[in-house]
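The values are calculated or read from the model by the stated rules, or taken from the named source; none is laboratory data. Values in this document were obtained by computation on a predicted structure and should not be read as measured data. As a convention, Cβ positions derive from the backbone with ideal geometry for all residues, glycine included, and neighbour counts pool all protein chains shown.
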Amino acid sequence: MSIDANASMADFSDTNSHEMTENHVGKRCNNQWVRLNVGGTYFLTAKTTLARDPNSFLYRLCQEDSDLISDRDETGAYLIDRDPTYFSPVLNYLRHGKLVINKDLTEEGVLEEAEFYNITELIRLVKERIILRDTRPQRDSKKHVYRVLQCHEDELTQMVSTMSDGWRFEQLINIGSQYNYGNDDHAEFLCVVSREYGPSQLSSKEEESTDRVKVLQQKGSRM
């Protein structure tokens, strides 16, 4: 056999070996990755990610001897008729083990998907998140702030008519005159008004005013 013939056979052998290696690597990569078509949106993820919870629907789906009957589309992706928007936090949880929910999504929506895919730990985390959310004080809750205005009888009408926007009349308390003449011309009153504020608007001074008015209202009720 000539040298050229030996060289040609060596080149053919190297090429064939290279192609076999590429095919083996490609096949192995294909076996390690799974393509999902969730509601028309494609997701590509590793089998190890879907296998994080061995009791889940996704774990059973990617097993070679799976007993699940799931259709595939023309690209070979598994067809899953669910909302792709809510599938993202489910898949991300399987990837890094943390529950991250975008502001435009609801915890109840994520819980629905977690229960569908039967991901036990994710179900527990979402339920805990819902409990914390429902027991936390609402940021937009309103508080009443009270103020006390002292005036003479002839000033009452003007004071009420010029009351600024947002303030509401609550109670009128007759505190009598500072002089004990028995003359109504010197009658004085405490006018209690209130206004709604958000928690961020409350100041320590307004909170003190609230406590003071409560005492005055109790005093006025005994007069």
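With respect to being surrounded by 16 or more Cβ atoms within 10 Å (Cβ to Cβ) and not in a helix (DSSP H, G or I), Leu125 falls outside the description.
Scanning the stretch 32-50 for residues that are among the hydrophobic types (A, V, I, L, M, F, W, C) and within 19 Å of Arg82 (Cβ to Cβ), we see that the one that is surrounded by the fewest Cβ atoms within 10 Å (Cβ to Cβ) is Leu44. Restricting Arg52, Arg35 to those that are at pLDDT 90 or above, among the charged types (D, E, K, R) and within 28 Å of the chain's Cα centre (by Cα) reduces the list to Arg52.
Taken together, Tyr117, Tyr59 contain a single residue that is of a type outside the set (A, V, I, L, M, F, W, C) and in contact (Cβ under 8 Å) with a residue 12 or more places away in the chain, which is Tyr117. Condition first: surrounded by fewer than 17 Cβ atoms within 10 Å (Cβ to Cβ) and modelled with pLDDT of 90 or more. Now tell me which residues in the stretch 56-70 satisfy that. Phe57, the sole residue that qualifies. Scanning the stretch 71-86 for residues that are surrounded by 12 or more Cβ atoms within 10 Å (Cβ to Cβ) and in a loop (DSSP other than H, G, I, E, B) returns Asp73, Ala77, Arg82, Asp83.
Here Arg168 fulfils each of the conditions (1) charged (D, E, K, R); (2) modelled with pLDDT under 80; (3) more than 30 Å from the chain's Cα centre (by Cα) apart from (2).
Among the residues of this structure, Val100 does not count as one that is under 22 Å from Ala51 (Cβ atoms), buried (at least 16 other Cβ atoms within 10 Å of the Cβ) and assigned by the TED database to the domain that holds Ser56.
Cβ separations smaller than 9 Å between residues 6+ apart or across chains give the following pairs from the stretch 145-171 residues that are in contact (Cβ under 8 Å) with a residue 60 or more places away in the chain to residues that are among the basic types (Lys, Arg) and in a strand (DSSP E or B): Val145/Arg195; Tyr146/Arg195; Arg147/Arg195.
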